[in-house]
Every structure is written in structure tokens, then in C-alpha cells.
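Here is the structure we will look at.
What follows is calculated from the coordinates using simple rules that are stated; it is not laboratory data. What you see is a predicted model, and the numbers here were worked out from it, not measured in a lab. Because the Cβ atoms are built from the backbone with ideal geometry, glycine has one as well, and the counts that use them run over all protein chains shown.
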Amino acid sequence: MPQDYPQNHDELIQEYTKLANGICKTYQNYGMPLEDLRQEAMIGLLMAYERFDPSKGTQFSTYAVYWIKKQILQALDQEFIGSSYVENMAEHNPETSNPEKVSERLKLPEDMPEREAIVLRLSYEKKLTIKEIAQKLNITNEQTKQLRSKALRRVKGHFKKSE
């Protein structure tokens with residue numbers, strides 16, 4: 001059995017959180033909040049732990065890096081797909097002058113929190129930057145990014161269900 005193979009989940013988290021967080025920082029400017037990246041990295045770490053075969057002679061840390069990156073890249077992919085979907089809906093609809101009808105044009109879920117909907121409206125309808133939206137709503141840039149990410153995931157999840 002390789003030396004670096006953790007014996008249980010507690011040991012896994014204790015020993016490899018720094019590795020996972022280090023990988024997250026590589027992807028932190030790709031459009032997803034760092035905390036979400038960390039959660040995805042931990043999922044990848046757990047997947048590596050469940051699938052690791054010590055008899056293959058590979059170090060656990062090497063194997064874990066693959067699964068952490070795989071999970072983060074899948075999450076970023078999903079984030080991009082959701083974002084592209086909303087952008088395409090906004091760009092290809094001629095009624096872009098009336099922000100009140102954006103929920104119809106973008107087909108926002110009815111249960112979407114109002115703040116998330118506002119962030120999407122300002123982002124895609126008014127084409128405001130994260131900084132401009134943050135100033136307008138009197139919140140931080142990071143809070144704005146998080147609201148936007150949540151809203152995009154909600155939209156994507158809503159349409160996955162309906163398909």
C-alpha cells in the first residue's frame with residue numbers, strides 16, 4: 001500500500017485540503033467563485049478516494065490531482081454552458097429594450113430569488129459589468145459574482161429538468 005494513501009475520510013480531508021485548494025487557485029479566474037471551486041475540489045478528492053486502487057502502485061496524491069481537476073473542469077464547463085445559454089437568449093431576442101420582460105425572454109424560473117433575477121437582468125439586459133452591478137445594488141463584487149453564478153446554475157438546472 002502506498003505511503004500517502006489516507007486510511008479514512010478524516011485523514012483524507014486533513015492531509016489533502018491544501019492540495020485541493022492549491023488546484024482551485026489555478027482556476028479561480030475562470031468565472032466561478034473560489035468557494036464553489038473548493039467544494040468541487042473536495043468532491044473530486046472524495047471521488048479519488050473511493051476509486052483509488054493501491055495495488056496499481058500509483059501515489060494517491062497523483063491520482064487525486066486528476067480527479068480534483070476533472071471535477072473542477074466539469075463544474076466550469078457547466079457554468080460556461082449555463083452562462084452561454086442565458087447570453088444567447090438575451091442576444092437573439094429583439095425585445096431587449098424592456099427590462100421588465102426579461103424574465104419572459106430569458107425564461108427565468110418562477111422561483112428564482114428577486115436579487116438573482118435582477119443581477120441577470122442588469123448583466124445581460126443592460127450589459128453592466130460586475131462592478132457596476134455591485135455599485136447599483138450596494139453589495140460587493142464578490143457577492144455580485146456569487147449571485148450571478150447561482151442564478152446561472154438555477155437557470156441551467158431549471159432547463160435541464162424541463163428537457
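A simple packing score, the average count of other Cβ atoms within 10 Å per residue, orders the peptides 148-156, 127-135 as 148-156, 127-135, with the highest score first. Model label points for Gln135 and His9, set 7 angstrom from Cα along the Cα-to-Cβ axis, are 4.6 nm apart.
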